[in-house]
Structures are given as structure tokens and as C-alpha cells.
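Notes for the one structure printed next.
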Amino acid sequence: MKRRDMLAGLAATSAGALLIRPSRAQAPWPSRPITMVVPFPPGGQADLAARPIAQALEKLLKAAVVVDNRGGAGGALGNAAVARAEPDGHTLLMTLSSLAVLPESSRLFARAPSYEVSQLAPVARVLADPTLLAVPAASPWKTLKDFVDDAKARPGTIPYGSSGSYGTLHVAMEMFAASAGLKLLHVPYRGAGPALTDLLSGQIQALASAPGVLKPHVDSGALRVLANWGAARVPSFPDLPTFKELGYADVEFYIWAGLFTPRNLPEPVAARIREAMRTAMADPEVRQIFEKAGSPPAYQDTPEFTRFVEADSARLIEATRKIGKVE
């Protein structure tokens, strides 16, 4: 073989090696179990959304998907953990609408936020429900007016629970309290699950939560719901009036649950997660679980969900600033 031909062959071989090297270097995904962080204890809206989705993703991705309830700081601890996680597709986040509120609340108190929303990438919205105001069935309040009148007569004495300071449930209640001119006693918990447990036992007297979380306890006769934070009535509670119907025009709040990843995932991995979520949310078994729980699916694919998060975050940040510093 002539020297010139041999050099040309070596060059072609080297070029071919360069072309295939990235695909050889890219590890297969998933290469280990996937962790889906829920930044709240079991029993709340994020947990309700996560578990059917995790089961569906296991089948679709052929890998274990482990739900990790990592509560604390109203959801900030779990959100921050995923924001800092390696962007390799093995750590996911199922979180709530408080995602944007928590960094803003830190700034209200001149504290450095533990994460920023910009560190996370929206993948898909799963649920989007208005919150409902629930009280023990044994309480004396049959209507919202009963509750408001009593709260005004005894300022600062009616305890209500939340998923943590400036968490989803706290903002909803403070929005209502500000509109009604009430002073309530805030009792923060690590998540909606523990707060619900204490509502059922009578340790607290009110709680804002999602329809799917409350419905079993309303159906059993343990709880009573007084009003709905949405713009329209909830199909699973058709007789429950909205705050707007009852004269509180500026009281509107939704508790959505959506899947996020750390920013800067490799594009092929991000595309696979997005497609798996699209398939999971179309699965009749998954949809039936949500429907039966009283929280119908509210799926949005990545582009639509990204726009939704931006708009909703701006609205909630403004509401948080209006509420100001509260304990």
C-alpha cells in the first residue's frame, strides 16, 4: 500500500472513531433506580400525584422509581435537594405551586434562598385543583359566615394548620384571612399529611387542602368543607360555594402538582422523561386513580407547563409580597 493511501485510511479511521466516541461515552439511561423526591411527608397533594406516576414510569422506563418523601421548610428542603442534584435524569421532583413562593419568602426576611426556580426544569403538570377550607365535622361552623363571625369575635385563637410557613396551604389561608379581616393562629407542619392528622384529631380547627386529600374524610363524616378557593365549583364537591360566590372577590388559589428535573439534563434523557410522562398521564389506570381520589388529571406537556409555571409564579410572588412578613 502506498504511504499516501495508508495515511488517508488512518485519517478516515480516526475521524470515524471521533464520530462514534460520544455515543460510546454516553452511559445508558436509566442506569440505576430513579428517585422521585416529594418535598412533603406522605398524605398531601404532591404525594397523591407522585405515587401513581412513579408506578407508571417504572413500567415505561424499565427501572425502579422510588418515591422519597423529603419534607421540611414548607417544601424548600426537597426542592433545594433536586435543584442541586446531578442533572443526569436519576433525580426527579414532584412538587407544588409553592415552588416559587418559598424563595420569595426567604427574601422577605433578608435570607438567601436555598434554591431558585431557575435551577429546575418543568416537565409536566399532573394535577391542578383549587384548595378547599376544611374544618372538623364536630365544629360549630356550618357555613363560612359562621367561621368568619367566630374568628372576628375571638381574634388569634382559632388554630389552622399548614404545610409550613409560606407553603401552599399557608398562602391560601393568609390570602383569605387578609380579605376577610381575620387574625387566625397559624400552626405550621412539615407537610399537609401531618396537618390533616391533627385536624382529624381536633388539635387544629381549620385547614386548606386539595379535594383529593379531603374527600375521603368528608365522605366518612369526619370533616366538613366550607368554601372553595377556585373560580368555579369543584365537580367532586358540586354543592360547595367558592369564596368569590360568598363575596371574597380577590380570594382565588390553586394547588397544582408537577414534575421537574434539575436544569441542563442531556437532551435525549429529557426527551425520554417527557415522552414517558405523556404516556403515563394518558394511562387509563393512572387517570382512574386520580378521578377516584377527586383530583382529576390536569396534564400539561413541557412547553405549556413552562408557560403556566411562569405565569402562576408571578401571580403567587405578588400575593406573597402583599401578605408580607407573617409567622
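Would you confirm whether or not region 114-129 contains a residue that is touching a residue at least 40 places away in the same chain (Cβ under 8 Å), surrounded by fewer than 24 Cβ atoms within 10 Å (Cβ to Cβ) and under 17 Å from Ile323 (Cβ atoms)? Checked region 114-129: no residue is touching a residue at least 40 places away in the same chain (Cβ under 8 Å), surrounded by fewer than 24 Cβ atoms within 10 Å (Cβ to Cβ) and under 17 Å from Ile323 (Cβ atoms).
Looking at Phe243, Phe260, Phe305, can you tell me which residue is modelled with pLDDT of 95 or more, among the aromatic types (Phe, Trp, Tyr) and out of contact with any helix residue (DSSP H, G or I) (no Cβ under 9 Å at 6 or more places or on another chain)?
Details: Phe243 fails: out of contact with any helix residue (DSSP H, G or I) (no Cβ under 9 Å at 6 or more places or on another chain); Phe260 fails: out of contact with any helix residue (DSSP H, G or I) (no Cβ under 9 Å at 6 or more places or on another chain).
Exactly one residue qualifies, and that residue is Phe305.
Is region 215-226 home to any residue that is out of contact with any His (no Cβ under 9 Å at 6 or more places or on another chain), surrounded by 20 or more Cβ atoms within 10 Å (Cβ to Cβ) and basic (Lys, Arg)? First the steps, then the outcome.
Taking region 215-226 as the starting set, the residues that turn out to be out of contact with any His (no Cβ under 9 Å at 6 or more places or on another chain) are 215-222, 224-226.
Subsequent filtering for residues that are surrounded by 20 or more Cβ atoms within 10 Å (Cβ to Cβ) retains 215, 225-226.
From what's left, basic (Lys, Arg): 215.
Within region 215-226, one or more residues are out of contact with any His (no Cβ under 9 Å at 6 or more places or on another chain), surrounded by 20 or more Cβ atoms within 10 Å (Cβ to Cβ) and basic (Lys, Arg).
Hey, among Phe260, Phe243, which residue is crowded, with 19+ Cβ neighbours inside 10 Å, in contact with a strand residue (DSSP E or B) (Cβ under 6 Å, 6 or more places away or on another chain), over 24 Å from Ile323 (Cβ atoms) and among the aromatic types (Phe, Trp, Tyr)? Break it down stepwise before answering.
Numbers: Phe243 fails: over 24 Å from Ile323 (Cβ atoms).
None of the other options fit; the residue is Phe260.
Of all residues in region 293-323, exactly one satisfies the criterion of being within 17 Å of Ala56 (Cα to Cα) and among the charged types (D, E, K, R), namely Asp301.
In this structure, Arg111 qualifies as farther than 27 Å from Arg233 by Cβ, in a loop (DSSP other than H, G, I, E, B) and of a type outside the set (Val, Ile, Thr).
The values are calculated or read from the model by the stated rules, or taken from the named source; none is laboratory data. Just so we're clear, the structure is a prediction, and the values are computed from it rather than from any experiment. A quick note on method: Cβ atoms are made from the backbone with ideal geometry, for glycine too, and the neighbour counts reach across all protein chains shown.
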